[in-house]
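The values are calculated or read from the model by the stated rules, or taken from the named source; none is laboratory data. Here the structure is a predicted model, which is why all the values come from computation and not from measurement. We place every Cβ from the backbone using ideal geometry, glycine too, and count neighbours over all the protein chains shown. Side chains are part of the model used for accessible areas, which takes the heavy atoms of the whole protein and leaves out ligands, DNA and RNA. Shrake-Rupley method; radii C 1.70, N 1.55, O 1.52, S 1.80 Å.
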Amino acid sequence: MTAPLTVLILVVTGIATFVAFRRPDLRERWIFNPYAILRNKEYERMLTSGLIHADWWHFAFNAFSFYSFGKNIEIIYGWASLLFIYVTSILGGSLLSLIIHRHHDYRALGASGGVCGVIFAAIFLLPGTSVMLFFIPIGIPASIYAPLFLIISFVSHRKQIGNIGHDAHLGGAIVGLLVATALYPRLMFAEPWLFALVMGLSVAILVALIFDPLGLWKSRVVEPDARFGGERERRYAENRSRSEKIAEVDRLLDKVGKHGLQSLSDAERSRLEQLSKEVGPR
């Protein structure tokens, strides 16, 4: 049996990745960028960033993983289910990254969020599924892989290990699980203990990432006398302050663009000049 949608998604992603290699301007226009999304309302970046990759190895790894699980979901449950799971998982990964990095000068690209969503959906939709990793020659049972993936990704995010969007992986995996649950609830509860474990971990991780993005709860307990948050909080506060100043500059410039320079009060002109010096070129 064939899986035409699975192949089509890979072809479209491969073409978009190739075009982005040849056209840096398009790559910059499609890449995930919190400032452009929030300030310029370029919401399409949350999806287009999943069509481009850093290099061909990045694409190949995602393509292999997506094909391995996506084709089976498409064959058994239909192309619509696969498409819905994949697209919503990309958006879910982007949304979690947007929440976490909304005050950061941050860029990201790749289909990993969507791929993780497909894998997590397959774990429950395809009973007996095992996950094969390149560096491990045997398949890992889903009952081990799912909770292990969540824990390792969360710890890696907290410790900022590697140039990897762990938050997008987590967001995509969790959304893939939620969407599969909504589409096929009876199948998801075929292994209730595993579902409860993975869903419980997912909820706990989401709460920690959204309400404690800097990992400060631990700092309060372990180092109560240390400077709150340390260097990591300082960088976060600086990024947030810069984002707020940029937004204020843009607001004043919008006013000038609509009504002319004379529309600014003396205080607003002084404020614009001061902020322009503080923010610098963008």
Query raised in the report: Only one residue in L82, L5, L38 is closer than 23 Å to V131 by Cα, touching a residue at least 24 places away in the same chain (Cβ under 8 Å) and surrounded by fewer than 20 Cβ atoms within 10 Å (Cβ to Cβ), so which one is that?
Result: L5
Report task. Please work out if I76 is open to solvent by 30 Å² or more (accessible area, probe 1.4 Å), assigned to a helix (DSSP H, G or I) and closer than 24 Å to V179 by Cα. Result -> yes
Requested in this report: Mind listing whichever residues of the range 14-26 are open to solvent by 10 Å² or more (accessible area, probe 1.4 Å) and in a helix (DSSP H, G or I)?
Outcome: G14, I15, A16, F18, V19, F21, R22, P24, D25, L26
Report task. Under 8 Å between Cβ atoms, at least 6 apart or on separate chains: pull out the pairs that start in the range 47-63 with a residue that is without any contact (Cβ under 8 Å) to a residue 60 or more places away in the chain and within 10 Å of G114 (Cβ to Cβ) and end on any residue that is of a type outside the set (A, V, I, L, M, F, W, C) and not in a helix (DSSP H, G or I). Result -> N62/H53; N62/G110
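Yes/no matrix, rows are residues, columns are (1) of a type in the set (S, T, N, Q); (2) open to solvent by less than 10 Å² (accessible area, probe 1.4 Å); (3) modelled with pLDDT of 85 or more:
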position: H103; (1), (2), (3): no, no, no
position: C116; (1), (2), (3): no, no, yes
position: G128; (1), (2), (3): no, no, no
position: F134; (1), (2), (3): no, no, no
position: P141; (1), (2), (3): no, no, no
position: I152; (1), (2), (3): no, no, no
position: H166; (1), (2), (3): no, no, no
position: A173; (1), (2), (3): no, yes, yes
Requested in this report: Tell me, yes or no, whether the range 183-200 has at least one residue that is hydrophobic (A, V, I, L, M, F, W, C), loosely packed, with under 11 Cβ neighbours inside 10 Å and either more than 23 Å from the chain's Cα centre (by Cα) or at pLDDT 85 or above (or both).
Outcome: yes
Report task. Give the range 30-44 a look and list any residue that's farther than 12 Å from R107 by Cβ and assigned to a helix (DSSP H, G or I), or say none. Result -> L38, R39
Query raised in the report: R29: under 27 Å from R251 (Cβ atoms) and open to solvent by 10 Å² or more (accessible area, probe 1.4 Å), yes or no?
Result: yes
